[in-house]
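K.L.:
I'd like to ask you about the structure that follows.
What follows draws every value from the coordinates through simple rules; no lab data is involved. Small disclaimer: the values here were computed from a predicted structure and weren't measured. Glycine also receives a Cβ, built like all others from the backbone with ideal geometry; neighbour counts cover every protein chain displayed.
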């Protein structure tokens with residue numbers, strides 16, 4: 001009689017799980033290996049952004065017309081001064097006041113009516129009235145009468161400011177254009193990794209586009225990452241509140257990019273028709289151009305040659 005072979009014991013319920021566990025570990029390691037290059041790239045990109053914006057020692061990048069970083073340069077010493085908001089506001093207020101045009105009504109405005117006064121004891125108020133009616137006129141306290149204290153043409157609106165204060169205000173406004181927080185607080189929109197102020201190579205001053213000049217200017221600003229600010233200025237154009245809308249200043253336009261170059265006449269062909277953009281030479285810089293309305297931190301772009309001109313300025 002043959003003895004039956006002993007049956008093999010069934011594997012424990014946890015035994016088949018071992019290969020699956022190994023498979024999960026292999027898949028996890030493979031996923032981690034795939035994610036590692038992505039994490040490294042993200043970290044490198046983050047470091048590049050931080051390096052692009054916060055360069056040591058007051059340095060900024062010089063960009064090509066294609067928006068690529070060419071090199072880095074030191075900012076002139078005039079950019080390292082204190083940001084004096086009080087001086088900036090004082091200089092801007094004086095500049096606006098000095099442009100104000102004197103005005104006033106004619107000497108006989110509101111007093112050209114033929115009026116009479118009925119005298120006392122007639123049961124009516126002692127108001128000059130137009131002859132043949134009871135309509136009051138000419139007296140300052142009467143509806144339809146002349147103004148009691150109208151503005152005078154002789155009034156002097158101009159405000160004096162010392163030359164040293166004006167220079168310090170300009171330098172303070174220049175120091176503010178490199179502060180990312182202040183530029184963003186003014187509402188300007190620009191690429192996150194952009195170093196401020198934006199410095200572009202001198203080729204922008206000799207550029208002669210084949211097609212439309214403005215179209216080429218839009219392409220340059222788009223490559224640099226500042227064209228969104230031009231769109232912001234375009235969308236912000238609105239009808240002025242008040243009487244000014246009837247006096248040849250119907251619309252108000254937000255300020256956008258300030259372009260500083262050695263030869264504004266040529267560069268103005270590229271950017272002059274874009275809303276909110278101003279093109280000036282280094283000699284045309286002042287507190288009002290750099291800080292419109294007295295609020296420092298305007299988005300500014302310098303050509304490399306214009307930035308070199310500022311190295312001779314005293315802080």
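K.L.:
Order 272-279, 292-299, 154-161, 82-89 from most to least packed using the mean count of other Cβ atoms within 10 Å.
P.N.:
Order by mean packing, descending: 292-299, 272-279, 82-89, 154-161.
K.L.:
Using alpha carbons only, how many angstrom separate the centre of the stretch 284-315 from the centre of the stretch 94-145?
P.N.:
Comparing the Cα centres of the stretch 284-315 and the stretch 94-145, I get a distance of 50 Å.
K.L.:
Tell me the label-point distance for the pair residue 253, residue 266, using the 7 Å Cα-to-Cβ offset, in nm and rounded to one decimal.
P.N.:
Calculated label separation equals 2.5 nm.
K.L.:
Over the Cα atoms of the stretch 101-156, Rg to Rh with Kirkwood Rh, two decimal places?
P.N.:
1.11
K.L.:
Same structure, new question: Given points 7 Å out from each Cα along the Cα-Cβ axis, report the residue 162 to residue 74 separation in nanometres with one decimal.
P.N.:
Calculated label separation equals 3.0 nm.
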